[in-house]
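One structure below.
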Ligand code: GRF
């Protein structure tokens, strides 16, 4: 069955575009059922409309709590038959209200090699620290900020000449490959979550290899 994605965006939506393009090329067996943004002016909404995908605004400022905002998101996502939620440049912290509605099916892309540099301004954090390699991570979302089990990561070099803009652009180009590929792993049933049950043990994602092409 084709994976029905609900993509949440707050800004330019280039990762959303990468998903739409991968679907159009036949590289991702999914459909984007709805795009939701907390920002009415988000360019990601225009990208959705241009692709003929329903684009919905849910204004977080109109809701009294994060939980009430997430309940609105869940209602929109369910209404559109979503089975997997993608946070693609979505600048809100999500709550258990969303996570429990889509267990192990909320995916985030973050512009660092987690667990390094979680939270905001990851690329600036990497430059300030002086690391030689940076990158991006696709992971399942849990109750923490950028703490959930890793699905996949990609590495880019940090160059001596880099500023935040040049490093962010190099990472973003890899995000556009990594996110659709990780979603295809989910769509093809190759992603499973392992929990040992031991207190304090992290959940881990196992990704089975893709069948090799003939
Ligand atoms: C990306 O770097 C993503 O990892 C981060 O915000 C940026 C969003 O870019 N969370 P876009 O909106 O997909 O263009």
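The values are calculated or read from the model by the stated rules, or taken from the named source; none is laboratory data. Worth saying up front: this structure is predicted, and the values here are computed from it rather than measured. Positions of Cβ are generated from backbone atoms using ideal geometry, with glycine treated the same way; all protein chains shown enter the neighbour counts.
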Task: Some residue of segment 57-65 being in contact (Cβ under 8 Å) with a residue 24 or more places away in the chain, within 20 Å of residue 183 (Cβ to Cβ) and buried (at least 16 other Cβ atoms within 10 Å of the Cβ) - done: no
TODO: List every residue pair whose Cβ atoms lie under 6 Å apart, where the two residues are 6 or more positions apart in sequence or sit on different chains, the first residue falls within segment 125-147 and is under 12 Å from residue 109 (Cβ atoms), and the second residue, located anywhere, is part of a helix (DSSP H, G or I).
DONE: 136/171; 136/174; 136/175; 136/178; 138/178; 138/179; 138/182
Task: strands (runs of 3 or more DSSP E) within segment 117-202 that include 3 or more residues surrounded by fewer than 20 Cβ atoms within 10 Å (Cβ to Cβ) - done: 150-157, 191-194
Open item on the list: Just to confirm my filter: which helices (runs of 4 or more DSSP H) fall fully inside segment 10-108 and include at least 2 residues that are within 16 Å of the ligand (Cβ to nearest atom) and at pLDDT 95 or above?
Closed with: 14-25, 43-50
TODO: Give me the pairs, please: first residue somewhere in segment 1-17 and under 23 Å from residue 190 (Cβ atoms), second residue anywhere and within 15 Å of the ligand (Cβ to nearest atom) and assigned to a loop (DSSP other than H, G, I, E, B), beta-carbon distance under 7 Å, and either six or more positions apart or on two chains.
DONE: 7/88; 15/88; 15/89; 16/88
Open item on the list: Pairs please, first residue from segment 176-191 and in the same structural domain as residue 25 (by TED's automatic domain parsing), second anywhere and assigned to a helix (DSSP H, G or I), Cβ atoms under 7 Å, 6+ apart in sequence or on different chains.
Closed with: none
